[in-house]
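The values are calculated or read from the model by the stated rules, or taken from the named source; none is laboratory data. Predicted model, so just to flag it, every value in this text is computed and none were measured. FYI the Cβ positions are ideal-geometry reconstructions off the backbone, even for glycines, and counts take in every protein chain you see. The area values use the complete protein model at the heavy-atom level, side chains included, leaving out ligands, DNA and RNA. Shrake-Rupley method; radii C 1.70, N 1.55, O 1.52, S 1.80 Å.
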Amino acid sequence: MIRKALPLFSAVLFACTVASTSALAQTDAGLPETSLQKQLHKLDLGISGVGIYNTTVSGPVSSPVANQGTSTVTQYGSNTAGAIVTIRYVAKPYVGFEFNYGYARYTENYSVSPSQIQTKATEYTFGYLATPPHPIFGLQPYLGAGAGTQAFKPTAHGGQGAPEQARATYYYTAGVQKALGEGHFGLRAGFRELFFIDPDFGQNYLTITKRANTYEPQIGFFLRY
């Protein structure tokens, strides 16, 4: 998934870099920036490493197999590390938007057989973003919330042959960032929490329909044009 997405992010980075270089050249020449260049200056591309901490959920099977009664299943995703790429557009301090592409790989553990399903988890979410202009100890705060989907794709060797499954996902985020130098590069640290129904990969004996949480502390950098 990351290999498939890299060309897109590389193209965005290249296009913005070209526009930024053009804007600097125009500024040096005393020419005003174009409307497109002004809009590009409101964009930034962030890349962060995240910790993935999943909660444990438990409940009765929602779709019991005929003549087998109702059982209780406990499940949790193992803790791991992942990455998130974010494209942000900040029109005004309290009016902004972001797109998130996240990737992680971990194991879903179940109290029944199969006891483990290794899966890739890929996040695609859009959200609203507010970046208050008033710094906190020299750092710019930000707050955001949004929704999208996560694709859970079991791996070839540890996925027990389970099918891919998508889950609606909601999130909020909060953190601080610091632009360095002329403001084209900066550091970012924050916290995210995701809400979604834990995957059952279409297996009715695993379907408990319980909402899980993923806690994601993050740290990384951003590029602004």
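One table, with the values for the structure above:
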quantity: Carbon/sulfur fraction of accessible area - the stretch 116-192, other protein chains in place, 1.4 Å, %; calculated: 64
quantity: Net charge contributed by nearby residues that have their C-beta within less than 15 Å of Phe99 (K/R +1, D/E -1); calculated: 0
quantity: Share of alpha-carbon pairs per 5 Å distance bin for the stretch 93-193, given as whole %; calculated: 3, 11, 17, 17, 14, 11, 10, 8, 6, 3, 1, 0
quantity: Nearby lysines by direct alpha-carbon distance to Lys42 (threshold 18 angstrom, same-chain neighbours under 8 apart not counted); calculated: Lys92, Lys178
quantity: Charge context of Tyr172, other residues only, Cβ under 10 angstrom, K/R +1, D/E -1; calculated: 0
quantity: Per residue value of the accessible surface for the stretch 184-225 (all protein chains in place, 1.4 Å probe), Å²; calculated: 40
quantity: GluC sites (Glu not before Pro) restricted to the stretch 147-197 and DSSP loop, no more than 13 other C-beta within 10 Å; calculated: Glu182
quantity: Net charge of Cβ neighbours under 15 Å - reference Ile87; Lys, Arg +1; Asp, Glu -1; calculated: +1
